Amino acid sequence: MVRQRHACLLAALLLTVAQATNLAAAEFADPVATPAELTEHALRAPVFALAHGTGAVALGVGPRGHILRSSDGGKTWAQVPCPVSTDLVAVAFAGATHAWAVGHDGVMLHSDDAGVTWRKRMDGFELGKLLVDHYTRLAAARPTAPVQRALEDARKAAAGGAALSLLSVWFRDEREGFAAGQFNLLLHTADGGASWQPWLERTDNPDAYSLHAVAGDARQVWIAGELGLVLRLVGSGDDARFERVESPYKGSWFGLAVAPASLLLYGLRGNAWRSRDAGAHWQRLDTGTDQPVNAGLIDNDGSVTLLTGRGLLLTSNGAAQRLVPLPRDGAPLGAGYALLATPTRRLLLGTAHGVQAVEPAAPRITP
C-alpha cells in the first residue's frame with residue numbers, strides 16, 4: 001500500500017512538473033519574433049538612443065522594442081509598431097528616408113520611410129550564420145591568422161544562438177554604414193544595407209574587446225570600446241581596417257562624438273577627453289563628477305555637452321576645459337542615456353522617463 005501511495009505521489013509530481021513546463025513554454029514569447037506591445041507607457045519608458053533625420057523628424061529607441069517618433073523636432077512623440085520586442089540600444093539615419101536600429105539578440109531593423117514602419121533585417125541566429133559562412137569562405141581563400149581567429153570567434157558566436165548584441169550603428173552616407181557590438185563584432189555595408197560584410201579581422205583588437213560606439217564624418221571613422229579601446233579607420237577598399245590609437249584612459253569608453261576639428265571620448269568615472277589632432281594628443285575635461293558619462297556632443301568650436309548616468313547635464317563653451325551644470329527647470333532627469341541636438345538648438349535627452357527637452361543658452365551644438 002505504501003509503495004502504491006509513493007508511486008501515485010511520484011506520478012502526480014511528474015504531471016505537475018510537466019504541466020508547469022508546458023505552461024511556461026506556452027507563455028514564453030521569443031522577443032526576436034514577437035512584435036513590441038503598443039502602449040502609452042512607452043512614452044514614459046527609458047529611451048536608450050536618439051537620432052535626428054531630415055527636417056523635424058527624430059527617433060528614439062528603448063527596451064522591449066519600443067520605438068518613438070517625432071515629426072516636430074521632439075516636441076511631441078508617438079510610439080510606432082516594431083516587429084521585435086527585444087531591447088533596442090542604438091538608432092541612426094542613412095539619408096532622408098532610411099533609418100536603422102540595432103540591439104540585443106543580434107537584432108537589426110530597417111525603415112525606408114523615416115521611421116514610420118520597420119522591418120527586421122537580421123537577428124542573432126541569422127547573424128551567427130552570416131559570420132560562419134563568411135569566414136569559412138574567407139579562410140579557405142586566405143587562411144591568415146586574423147581570418148582563422150575570426151572564424152573561431154564566428155563559430156563561438158553562432159553557438160550562442162541569439163545571444164549576440166549589436167550596440168551601435170552609424171552611416172557615413174546613404175550607402176556606407178557600420179554596426180558594432182559585443183566581442184569585436186563589426187559589420188560593414190557599402191550598398192545601403194542591402195548586404196552586410198563582417199569585419200572582425202579588420203580591427204586591431206586581438207583580445208576581442210566589445211565595441212561600444214562607432215561614429216565619424218565624411219573624412220574619418222572611429223570606434224570606442226571596452227577597456228580603453230580606441231580604433232581609427234585607415235585605408236580604403238579591401239585594405240580598409242581599424243587601427244588602434246593610444247588611449248588616454250584605460251577604463252571603458254561608452255561613446256564618442258566627432259566634429260571636423262575635434263574628437264570627444266567619454267565613459268566610466270566621469271572621464272571625458274578631447275583631441276584636436278586626430279587622437280595624437282588628448283586633453284582631459286574637468287567634469288567635476290565620477291558618474292559614468294553615457295552621452296556626449298561636440299561642436300565645431302570644441303564646445304562639449306555631456307549627460308551622465310544619473311542625469312547630470314554638463315556643458316562647456318569653446319575650448320574651456322571645465323564643464324559646468326547646464327541650468328534647467330523641471331523635475332530631476334533621472335538616469336540619462338542619450339543626447340541629441342536639433343537644428344533649432346533644442347537638446348533632446350533620452351532618460352529613464354522618456355524623452356525630455358532642454359532649451360540651452362549655450363552655443364549651438366552640431367548633431
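Strands (runs of 3 or more DSSP E) wholly in region 119-223 with at least 2 residues that are open to solvent by 60 Å² or more (accessible area, probe 1.4 Å) and not small (Gly, Ala, Ser) - which ones?
It comes to 119-122.
Among 40, 27, which is open to solvent by 80 Å² or more (accessible area, probe 1.4 Å), modelled with pLDDT of 65 or more, under 16 Å from residue 354 (Cα atoms) and charged (D, E, K, R)?
The unique qualifying residue is 40.
Residue-wise test of (1) more than 19 Å from the chain's Cα centre (by Cα); (2) at pLDDT below 95; (3) aromatic (Phe, Trp, Tyr).
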position	(1), (2), (3)
34	yes, no, no
55	yes, yes, no
88	no, no, no
91	no, no, no
101	no, no, no
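State which residue is farthest from residue 218 (Cα to Cα) when the search covers only region 263-286 and only residues that are touching a Gly at 6+ places or on another chain (Cβ under 8 Å) and open to solvent by 10 Å² or more (accessible area, probe 1.4 Å).
269
For residue 191, work out the one condition from (1) within 26 Å of residue 121 (Cα to Cα); (2) touching a residue at least 40 places away in the same chain (Cβ under 8 Å) it doesn't fulfil.
Exception for residue 191: condition (2).
What pairs come up if the first residue lies in region 288-302 and is assigned to a strand (DSSP E or B), the second is at pLDDT below 95 and of a type in the set (Gly, Ala, Ser), and their beta carbons are under 8 Å apart, counting only those six or more places apart or on different chains?
297/341; 298/259; 298/262
Of the conditions (1) over 29 Å from residue 68 (Cβ atoms); (2) free of Cβ contacts under 8 Å to residues at least 60 places away in the same chain, residue 109 satisfies every one except a single condition; which number is it?
Condition not satisfied by residue 109: (1).
So, in region 151-188, exactly how many residues are without any contact (Cβ under 8 Å) to a residue 40 or more places away in the chain and either of a type in the set (Asp, Glu) or touching a Cys at 6+ places or on another chain (Cβ under 8 Å) (or both)?
2
Could you list, ordered by first residue, the pairs with Cβ atoms under 9 Å in which the first is in region 44-57 and under 19 Å from residue 97 (Cβ atoms) and part of a loop (DSSP other than H, G, I, E, B) and the second is open to solvent by less than 40 Å² (accessible area, probe 1.4 Å) and not small (Gly, Ala, Ser), at least 6 apart or interchain?
Here the result reads 53/59; 53/93; 54/93; 56/342; 57/93, each pair linking region 44-57 to a residue that is open to solvent by less than 40 Å² (accessible area, probe 1.4 Å) and not small (Gly, Ala, Ser).
Being in contact (Cβ under 8 Å) with a residue 40 or more places away in the chain, touching a strand residue (DSSP E or B) at 6+ places or on another chain (Cβ under 9 Å), assigned to a strand (DSSP E or B) and open to solvent by less than 20 Å² (accessible area, probe 1.4 Å) narrows it down to one of 314, 307, so name that one.
On inspection, the qualifying residue turns out to be 307.
Could you identify the single residue in 218, 224, 213 that is farther than 23 Å from residue 135 by Cα and modelled with pLDDT under 95?
On the way: 224 fails: modelled with pLDDT under 95; 213 fails: modelled with pLDDT under 95.
Criteria check complete, one pass: 218.
Report, by residue number, each residue of region 84-104 that is open to solvent by 40 Å² or more (accessible area, probe 1.4 Å) and either among the polar types (S, T, N, Q) or more than 21 Å from residue 174 (Cβ to Cβ) (or both).
Residues satisfying the conditions are 87, 97, 104.
On the basis of being touching a residue at least 12 places away in the same chain (Cβ under 8 Å) and open to solvent by 70 Å² or more (accessible area, probe 1.4 Å), does residue 346 make the cut?
Numbers: touching a residue at least 12 places away in the same chain (Cβ under 8 Å): yes; open to solvent by 70 Å² or more (accessible area, probe 1.4 Å): no.
Considered against the rule, which asks whether it is touching a residue at least 12 places away in the same chain (Cβ under 8 Å) and open to solvent by 70 Å² or more (accessible area, probe 1.4 Å), residue 346 comes out as no.
For region 227-262, give me the residue count where each residue is open to solvent by less than 40 Å² (accessible area, probe 1.4 Å) and at pLDDT below 95.
Final tally of qualifying residues: 2.
The values are calculated or read from the model by the stated rules, or taken from the named source; none is laboratory data. Every value quoted in this text rests on a predicted model; they were computed, and no experiment measured them. Using ideal geometry, Cβ is built from the backbone for each residue, glycine included, and neighbour counts are taken over all protein chains shown. Accessible surface areas use protein heavy atoms only, side chains included; no ligands, DNA or RNA. Shrake-Rupley method; radii C 1.70, N 1.55, O 1.52, S 1.80 Å.
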